[in-house]
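Here is the structure we will look at.
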Amino acid sequence: MSGHSNERHRVMQIIDHSRNENEIINGLELDYIDLSFSDLSQVAGDRIYANEINFRGSSLIGVSLRDCEFIAANFESCNFEGADIADCVLSEANFSKSQMKHAEIKISTCIETCFDDVDLSYGNLSGTTMLKATFRRSILKGIRAQKVNFDQSDLTSATLSDGDFEKSDFIQAILTKVEAKNANFAGGNLTGANLSYGDFTGADFSNTNIANVIWKGAIVEGAKFDDSAREIVLKGL
């Protein structure tokens, strides 16, 4: 136990020094350490490797991370408000119940990552791969998520209203019971997606591939469709 405690103390010293000196933490590798309930806010990191590390309940407000790996890390109930993350691998990580308002996760890899019950409102996911990720009951209101791969992801009961998902893919994704009022799906691919019982009032599906989409019980009042697609959608309601 003392070994783990000493390692945590060493890592926190590195973090505190970097913040005090306004330096970027470069090349730090963490193994089997518990950093739960830590203050990691405003940390800047480049090439940090922290796979399977426990950060549960920690504050990461305003962190800036580049080219890092957090595979299977536990970020449950963390605060990432205003975080700036790019070119990172976050696959199989757990962000459930985290606060991520205005956070950015750009051009990153999040395969089978959990974002259930997360507030990502007004954030930015542009260019990120979210393959088989989960966003159940999450809030993505006003988010920028252009050219994101949501293929086979589960967004059941998520709030997507006013979100910009232009040219994003939702192939075989689950969007049942979502609230997606005035969301922009233009130019995307929703082939085989399940949109049943969702509210898509005023949403834009222009130039969107909607082949084999399930529309049962969906609300599409005022939504924009290509002329060739509108009749198909209405028949599927």
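Calculate how steeply helix 2-20 sits against the longest principal axis of the alpha-carbon atoms of the chain, using the helix alpha-carbon long axis, and give the answer as 0 to 90 degrees to the nearest 10.
Between helix and principal axis, roughly 80 degrees.
What do you get for trypsin sites (Lys or Arg not before Pro) in the stretch 149-216 restricted to DSSP loop and a cutoff of at most 14 other Cβ within 10 Å of the site's Cβ?
K216
Convex hull volume of the Cα atoms in the chain, per residue, in Å³?
Once divided by residue count, the hull of the chain is 86 Å³.
Between N20, N51, N124, where does the largest GNM mean-square fluctuation fall for the chain, given springs only between Cα atoms within less than 10 Å?
N20
Could you list which residues have their amide H under 5 Å from that of K106, counting only those 5 or more apart in sequence or on another chain, with H placed in the peptide plane?
Hits under the 5 Å cutoff: I85, A86, D87.
Provide the net charge surrounding Q13, with neighbours chosen by a C-beta distance below 14 Å and charges set as Lys +1, Arg +1, Asp -1, Glu -1.
-2
Out of all Cα-Cα pairs in the stretch 118-237, roughly what percent, to the nearest whole number, are more than 26 Å apart?
Value for the stretch 118-237 (Cα pairs over 26 Å): 7 percent.
Given points 7 Å out from each Cα along the Cα-Cβ axis, report the K216 to E23 separation in nanometres with one decimal.
Calculated label separation equals 6.0 nm.
Got a sec to turn the phi values of the stretch 176-187 into Karplus ³J(HN,Hα) couplings, 6.51 cos²θ - 1.76 cosθ + 1.60 with θ = phi - 60°, whole Hz, x for Gly and Pro?
Residue by residue, the stretch 176-187 yields 6, 6, 7, 10, 10, 5, 6, 6, 10, 10, 4, x Hz.
Per the Cauchy relation, a quarter of the hull surface: what is the mean projected area of the convex hull of the alpha carbons in the stretch 84-162, in nm²?
4.0
In nm, to one decimal, how far is the modelled label at R10 from the one at D67, with both set 7 Å along Cα→Cβ?
Computed distance between label sites R10 and D67 equals 2.4 nm.
In the chain, with Lys and Arg counted as +1 and Asp and Glu as -1 at Cβ, which of these residues, F115, G45, Y197, has the Cα nearest the positive end of the dipole, that is, farthest along it?
Positive-end residue among those listed: Y197.
List the chymotrypsin sites (Phe, Trp or Tyr not before Pro) within the stretch 1-74 that DSSP assigns to loop and that have no more than 15 neighbouring Cβ atoms inside 10 Å.
When the chymotrypsin sites (Phe, Trp or Tyr not before Pro) of the stretch 1-74 are filtered for loop state and at most 15 Cβ neighbours within 10 Å, Y32, F37 remain.
Mind checking which aspartates and glutamates have their C-alpha under 18 Å from K132, skipping anything on the same chain fewer than 8 residues away?
Partners found: E92, E112, D116, D117, D151, D154, D169.
Laboratory data are not the source of any read-out in this text; all were calculated from the coordinates shown. This structure is a prediction, so every number in the text was calculated from the model and none was measured. Reconstructed Cβ throughout: ideal geometry from the backbone, glycine too, with neighbour counts over all protein chains shown.
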